[in-house]
Amino acid sequence: MIPIRDDNPTHGTPILTVTLIVINVLVFLFQATMPEKEGEEFVWKYGYIPAKLVVGPERFREELQEHQPTTPVIDQFGRIRVDPFGRPLRVQHEAPLEAATATPAWISLFTCMFLHGGWAHLLGNMLYLWIFGNNIEDRLGHALFLVFYLGTGLVGNFAHTYFNASWVPLVGASGAISGVMGGYILVHPHAHILAIVPLGWYWFTAKLPAWVFLGVYIVLQNLFPATLGGREEGGVAYWAHIGGFAAGAALIFLLPRRPVPAYARPARPIHDDDADIII
């Protein structure tokens with residue numbers, strides 16, 4: 001499901017939410033203007049490589065060449081090619097050693113939150129951050145929201161490391177944004193979400209409670225594939241999402257709530273006529 005908006009009012013301007021969106025977009029545009037090789041090195045330099053944290057920088061440098069990243073071989077129709085035994089064919093790439101070892105793991109744990117793997121990855125994350133982040137920032141205030149955002153992203157990265165200490169860079173703000181959604185589902189479970197629901201070639205709109213929308217996100221889109229799908233497929237860091245979501249659900253009550261102003265900006269209501277289906 002793709003959220004369009006919620007009907008949850010706010011009391012202030014989401015300055016930090018907007019700032020985070022702007023930073024993410026600017027970093028992506030900066031990366032997109034680089035030549036292909038420099039862009040790849042940029043990801044290896046500032047993306048988070050779990051194995052670097054687990055084995056240490058010296059051993060990582062020594063063993064990186066033994067763990068070269070691979071990508072599936074795609075035919076002209078966009079399908080993954082397989083061998084006679086049905087196993088996906090993969091091509092191996094040479095990791096840029098100097099770029100991969102240039103940034104300490106504890107720094108890349110944070111810098112990776114501002115990198116994205118493509119336009120769809122970026123726009124999807126920023127959409128979720130815009131819809132759900134403003135209400136969490138409204139509850140915590142600007143400074144504590146930054147602590148919340150970075151803290152849940154950090155927990156998400158650690159969860160990914162525990163379940164998949166891979167040798168390839170992890171990029172994206174998904175862990176932190178999942179943390180925002182983990183907080184939102186507990187403090188605003190009955191807010192309404194207007195969402196687009198793709199069903200094959202047919203797309204329809206739905207009005208549903210936040211607890212349903214976010215429950216589908218964490219259970220069907222993350223817990224189910226993470227626990228029953230084996231290794232993470234398609235480059236989706238399910239455990240980073242799950243870890244961030246759980247951290248957000250915990251931190252939202254551990255961090256103090258700022259005093260609520262008397263005035264709240266009126267939310268734009270979601271009417272039943274706005275959606276094809278109402279839940």
### Task
Only residues that are surrounded by fewer than 15 Cβ atoms within 10 Å (Cβ to Cβ) and among the acidic types (Asp, Glu): list them for the range 4-40, please.
Glu36, Glu38
### Query
Taking Ile49 and the conditions (1) under 30 Å from Glu137 (Cβ atoms); (2) modelled with pLDDT of 90 or more, which numbered condition does it fall short on, given that it satisfies the others?
(1)
### Query
Do the conditions hold for Asn8, that is, is it outside any helix (DSSP H, G or I), polar (S, T, N, Q) and modelled with pLDDT of 85 or more?
yes
### Task
Return a yes/no flag: does the range 114-121 have any residue that is under 11 Å from Ala176 (Cβ atoms) and in a helix (DSSP H, G or I).
yes
### Summary
Going through (1) open to solvent by less than 30 Å² (accessible area, probe 1.4 Å); (2) among the hydrophobic types (A, V, I, L, M, F, W, C); (3) more than 25 Å from Trp106 (Cβ to Cβ); (4) within 12 Å of the chain's Cα centre (by Cα) one by one, Leu170 fails only at (3)
### Task
Could you tell me which residue of the range 108-118 is most open to solvent (accessible area, probe 1.4 Å), considering only residues that are touching a residue at least 60 places away in the same chain (Cβ under 8 Å) and out of contact with any strand residue (DSSP E or B) (no Cβ under 6 Å at 6 or more places or on another chain)?
Gly117
### Message
under 24 Å from Thr17 (Cα atoms) and within 18 Å of the chain's Cα centre (by Cα): is that true of Trp211 in this structure?
### Response
no
### Query
Is it the case that some residue within the range 168-190 is in contact with a helix residue (DSSP H, G or I) (Cβ under 7 Å, 6 or more places away or on another chain), in contact (Cβ under 8 Å) with a residue 40 or more places away in the chain and more than 17 Å from Tyr128 (Cβ to Cβ)?
yes
### Query
If you check Gly182, Gly156, which single one turns out to be open to solvent by less than 10 Å² (accessible area, probe 1.4 Å), part of a helix (DSSP H, G or I) and over 30 Å from Asp273 (Cα atoms)?
Gly156
### Message
Here is a list: Tyr202, Tyr217. Which entry is open to solvent by 30 Å² or more (accessible area, probe 1.4 Å), out of contact with any Lys or Arg (no Cβ under 8 Å at 6 or more places or on another chain) and of a type in the set (Ser, Thr, Tyr)?
### Response
Tyr202
### Summary
The residue from Arg258, Arg268 that alone is in a loop (DSSP other than H, G, I, E, B), crowded, with 17+ Cβ neighbours inside 10 Å and of a type in the set (D, E, K, R) is Arg258
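The values are calculated or read from the model by the stated rules, or taken from the named source; none is laboratory data. Keep in mind that this is a model prediction, so the values were computed, not measured. No Cβ is skipped: glycine too gets one built from the backbone with ideal geometry, and neighbour counts run over all protein chains shown. Remember, those area values only see protein heavy atoms, side chains included, never the ligands or the DNA or RNA. Shrake-Rupley method; radii C 1.70, N 1.55, O 1.52, S 1.80 Å.
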